[in-house]
Amino acid sequence: MKYVDEFRDPEAARRLLDDIAEQASKQPARKFMEVCGGHTHAIYRHGLEALLPSNIELIHGPGCPVCVIPMGRVDDAIAVASNDSVTMCCFGDMLRVPGKDSTLLEAKARGADVRVVYSPLDALALAERNPDRQVVFLAVGFETTAPSTAFTLVQARQRKVTNFSVFCNHVTIVPPLKAILDSPGFDLDGFLGPGHVSTVIGTRPYRFVAQQYKRPLVTAGFEPVDILLAVQMLLKQLAQGRCEVENQYRRVVSADGNKRALDLLQEAFVVRPHFEWRGLGFIAQSALAVAPEFSSWDAELRFEVPGVRVADPKACQCGEVLKGALRPWECKVFGTACTPETPIGTCMVSSEGACAAYYNYGRYTSRQRIPVHASQ
Amino acid sequence: MPRSDDFKAREAVLARVESWRRRAPKLTDETITMAHGAGGRASRSLIEAVIRPAFTNPALDGLEDAAVIQVDAGRMAFTTDAFVVTPRRFQGGSIGDLAVNGTVNDLAAVGAEPVALSVSLVLEEGFAVDELRAIVGDVSTAAAAADVNVVTGDTKVVERGAADGCYITTTGIGFVRPHTSLGASQVRPGDAVVLSGTVGDHGVAVMVARGDLALAADVASDTAPLHTLAKTLLEAVPETRWLRDPTRGGVASACNELAVDCGLGVELDEQALPVKGAVAGACELLGLDPLYIANEGKMLAVVPADATSRAVQAMQSCAAGAEACVIGSITDAHKGLVLVRTGFGGTRIVDMLVGDPLPRIC
């Protein structure tokens, strides 16, 4: 596979690991947070954690769009989906996310018309094919997926599709990053910056991490060699006493981002004054709502949603995991009451969630963690 | 008119009616109706016009309540499987091919030679007779390719909306070759895990055929009977420990079942795993792991380490096993777990499939 194989080259990875081991041997213990769930998934899928020197720890951040959806919003989605006239379209990951009493998958079994789509445009096409149905797209995701929802809204207006609407849960990456940097007990040494989000917003929005908080940040791609290269760049910055925003993912990320995508976001969405994040609480200006110009396509206005805030189950420690304060296996219910099959918390649902990635891929490797020494 | 002439004329008419009634029933309907499942004349005409001609053989042709088959003493294998795939036709096969090959392969995986199949159809009112003919034709062709007769069957019709077109259940019996002793309890540390070819072809072919992914990939389903491959392997390597055809849940789920059943660990080598470029690409785009994607014409075997090359060669000598290779080994290091060794020495757990990324794949 072109553009994939070269970034999974074992030889290149081996050379990088040797260099990382040498640099790490001259540095104290380092904790880096990979912000993005895609990174978490890749780290476990390729078994990278066990290959890194033992004094380098990767902490999994809040960048899994499914993991940060609060229970109340899931209940709202189920309430909309339970309308007889509604066909609810969502990404497959959302089906198992627990609300207060049930999931969309259970709602589907009870008779709700819930469909899995791979793109919001598929939902729009479904609406056009079924004019007697109210097709609702359950939009989740960071700036990565938000432009495709925005584009779909523009298309819906252009094509005058009136039986389509968006239940918008899009969130933005910078506010939670700031919340983590501000959280008490913050002790991270640097960040692997999001890859896909940065293709849209560019690297400039992260400059405050280096300038105000004095932590290096390297935006990284999603293949093993990308991630190792970013770790190497972080170590190099720390060794040289630098603290900058660097870009490892140059093949798709620019400093300014994707202007067309940003324009679309500007056109179709407005920033919400505040939005609840699972485990992180309310964060100001951290989410997007459908813009007033598109209010005819806003499911929150078209349907009655309970909008009830639901406290997370007491046993669930997703919030601590999302902030990097707890490792997945340190959660009290990890792997016992909370598993990918019957998740209590969102981190166990999506394959990008730290707990699911750790449960699915990492249970054994982490037990067997092998120190890599510079001499190897 | 004299009475005798009247009588003669009536006799002639009645004789003509009788001879019409004795004619082979013709099926003129274009769609299936509830009458075709009611057991009466319409049912009979459907069976006589569509089903029996496709499967004709001595055990079936009497259309008795049950087929009677002459058997020799020995061990018999017995299996059943339901097929609800959507769409019913995809590149490389159809629900008819799957219905035969799925059951034949289940027999092959316990070391049995398939002997006879039953085919049970559940049809939705309004189903096109032409499509039924095509599906029955596929079943017939696939059964011939698998050297097995369809000896009995049933057809039911349900109201429109109560089923999705056509469901097929096949049941198969087969004779287990003497001296075959397959099972997870035979598996030992150090044994090799051999796979008969590329993974994930069937699942991706069905997904592409659904057309809702806007994916265009030139991938054909691998649906094929594996009885010859299994026979060749077992003749070449009688000490083969374990066989499984990794359908739903893919190679990952089959290996997990093995790990739990034999109480040992399975270690797979990611780089050795044969995956077609188009399948790897589609999985990469959709965030799926080819290890979890269904196959319908692949055999997974565990053989003693010293029989590895014999096993691979035996599989490769069969059309269905041309790309056979070793994909891993059995270890006592991580009991009950399946691990994949990644390209650069890292490992990850391969767990049982949770949920269903691709419902109704077979």
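Taking every residue in B:336-344 and counting other chain Cβ atoms within 10 Å of its Cβ, the average works out to 6.
Where Rh denotes the Kirkwood radius from the mean inverse Cα pair distance, what is Rg over Rh for the protein assembly as shown? Could the numbers behind the result be given before it?
Numbers: Rg = 30.1 Å, Rh = 28.7 Å.
Expressed as Rg/Rh, it is 1.05.
When a/c is below 1.5 the answer is rounded, else prolate if a/b is larger than b/c, else oblate, so apply that to chain A with a ≥ b ≥ c taken from the square roots of the Cα gyration tensor eigenvalues. Spell out each step's value before the answer.
Numbers: a/c = 1.98, a/b = 1.61, b/c = 1.23.
Prolate is the answer for chain A, as a/c is 1.5 or above and a/b outweighs b/c.
Magnitude of the charge dipole for segment B:34-176, about its Cα centre and with charges confined to Cβ atoms of Lys, Arg (+1) and Asp, Glu (-1), is about 160 debye. Projecting label points 7 angstrom from Cα along Cα→Cβ for B:Ala333 and B:Val71 puts them 4.5 nm apart. Farthest towards the positive end of the charge dipole of the protein assembly as shown, among the residues A:Tyr364, B:Gly137, A:Phe269, is the Cα of A:Phe269, using unit charges on the Cβ of Lys, Arg, Asp and Glu. When you restrict to C-alpha pairs under 8 Å that are six or more residues apart and normalise by the size of segment A:1-313, the relative contact order lands at 22 percent. Helix B:95-108 sits at what angle to the longest principal axis of chain B, using alpha carbons and giving 0 to 90 degrees rounded to 10? Here the helix axis deviates by roughly 50 degrees. The Cα atoms of segment B:215-362 give a gyration tensor whose axes a ≥ b ≥ c have a/c of 1.5 or more with a/b no greater than b/c, which makes the shape oblate.
Only alpha carbons enter this Debye calculation for segment B:34-176, each as an equal point scatterer, and the log10 of I(q)/I(0) it gives at q = 0.14, 0.15 Å⁻¹ is -0.63, -0.73. Once backbone amide H atoms are built at 1.01 Å from N, B:Ile327 has B:Val193, B:Val194, B:Leu195 as its partners under 5 Å, excluding neighbours fewer than 5 places away on the same chain. Placing unit charges on the Cβ atoms only, positive for Lys and Arg and negative for Asp and Glu, gives segment A:1-313 a dipole magnitude near 380 debye about its Cα centre.
When Cβ neighbours within 10 Å are restricted to other protein chains, what is their mean count per residue of peptide A:45-55?
Values: counts 6, 8, 12, 4, 2, 4, 5, 1, 0, 0, 0.
Rounded to a whole number, the mean comes out at 4.
Out of every Cα-Cα pair in segment A:1-112, what percent are more than 22 Å apart? Don't skip to the answer; put the middle values down first.
Working: 3347 of 6216 pairs.
Tail of the P(r) past 22 Å holds 54 percent of the pairs.
Binning the C-alpha pair distances of segment A:137-251 at 5 Å intervals from 0 yields a P(r) profile of 2, 11, 18, 18, 16, 12, 8, 7, 4, 3, 1, 0 %, listed from the shortest bin outward.
Calculate, in nm to one decimal, what A:Glu244 and A:Thr342 gain on full extension: separation in residues at 0.36 nm each, minus their alpha carbon distance. Don't skip to the answer; put the middle values down first.
Values: separation 98, 0.36 × 98 = 35.28 nm, distance 4.16 nm.
In short, 31.1 nm is gained.
Put in line by how crowded their Cβ is, counting other Cβ atoms within 10 Å and starting with the fewest, B:Met352, B:Met76, A:Met233, A:Met94 read B:Met76, B:Met352, A:Met233, A:Met94.
Distance from the C-alpha centroid of segment A:66-92 to that of segment B:205-276: 36 Å, rounded to the whole angstrom.
Can you classify segment A:233-310 as rounded, prolate or oblate using the Cα gyration tensor, where a ≥ b ≥ c are the square roots of its eigenvalues, rounded means a/c under 1.5, and otherwise it's prolate if a/b beats b/c and oblate if not? Judged from the Cα gyration tensor, segment A:233-310 comes out oblate (a/c at least 1.5, b/c at or above a/b). P(r) tail for segment A:318-361: Cα pairs beyond 18 Å make up 8% of the total.
Could you line up B:Thr170, B:Thr28, B:Thr33, A:Thr145 from fewest to most neighbouring Cβ atoms inside 10 Å?
On the way: B:Thr170 26, B:Thr28 8, B:Thr33 15, A:Thr145 19.
Least crowded to most crowded, the residues run B:Thr28, B:Thr33, A:Thr145, B:Thr170.
Between A:Ala315 and B:Arg16, the modelled label-to-label distance comes to 8.1 nm, taking each label 7 Å out from Cα in the direction of the beta carbon.
Helix-only mean residue ellipticity at 222 nm, chain A, DSSP H runs n ≥ 4 weighted -39,500 (n - 2.57), per residue, nearest 500. What is it? All intermediate terms of the calculation are to be shown ahead of the outcome.
Working: 15 runs with 130 residues, N = 376.
About -9500 deg cm²/dmol.
Rounded to whole numbers, the Karplus 3J(HN,Hα) couplings from phi for segment A:36-51 are 9, x, x, 5, 4, 4, 5, 4, 7, 4, 9, x, 6, 4, 6, 8 Hz, using 6.51 cos²θ - 1.76 cosθ + 1.60 with θ = phi - 60°, and x at Gly and Pro.
For a Förster distance of 35 Å, can you work out the FRET efficiency between the beta-carbons of B:Asp130 and A:Thr162, rounded to the nearest 0.05?
On the way: r = 39 Å, r/R0 = 1.10.
That pair, B:Asp130 with A:Thr162, gives E of 0.35.
For the protein assembly as shown, the Cβ-based charge dipole about the Cα centre amounts to some 940 debye (Lys, Arg positive; Asp, Glu negative; other atoms uncharged).
When DSSP assigns beta bridges and you keep just the ones with both residues in the protein assembly as shown, what percent turn out antiparallel, to the nearest 5?
Values: 48 of 93 bridges.
Bridges in the protein assembly as shown that DSSP calls antiparallel: roughly 50 percent.
Phi angles across segment B:162-178 convert, under the Karplus curve 6.51 cos²θ - 1.76 cosθ + 1.60 with θ = phi - 60°, into 3J(HN,Hα) values of 8, 8, 9, x, 8, 10, 10, 10, 10, 10, x, 10, x, 9, 7, 4, x Hz, Gly and Pro given as x. Counting neighbouring Cβ atoms within 10 Å and putting the fewest first, the residues B:Ser120, B:Ser181 line up as B:Ser181, B:Ser120. All C-alpha pair distances within chain B, sorted into 10 Å bins from zero, spread as 5, 22, 28, 21, 12, 5, 3, 2, 1, 0, 0 percent across the bins. The distance linking segment A:202-264 with segment A:108-124 is 36 Å (Cα centroid to Cα centroid, whole angstrom).
Put simply, the amide H of A:Phe282, placed in the peptide plane, has neighbours under 5 Å in A:Trp277, leaving out anything fewer than 5 places away on its chain.
Going down the list A:Lys108/B:Lys298; B:Lys156/B:Lys231; A:Lys31/A:Lys314; A:Lys214/A:Lys259; A:Lys108/A:Lys314, which pairs span over 31 Å between their C-alpha atoms? Intermediate results must be reported in sequence, preceding the final value.
Values: A:Lys108/B:Lys298 34 Å; B:Lys156/B:Lys231 35 Å; A:Lys31/A:Lys314 28 Å; A:Lys214/A:Lys259 28 Å; A:Lys108/A:Lys314 27 Å.
Listed pairs above 31 Å: A:Lys108/B:Lys298; B:Lys156/B:Lys231.
Bear in mind these aren't lab numbers, they're just calculated from the coordinates by the rules spelled out. Fair warning: this is a prediction, and the values are worked out from it, not measured in the lab. Cβ sites come from the backbone with ideal geometry, for glycine too, and all protein chains shown count toward neighbours.
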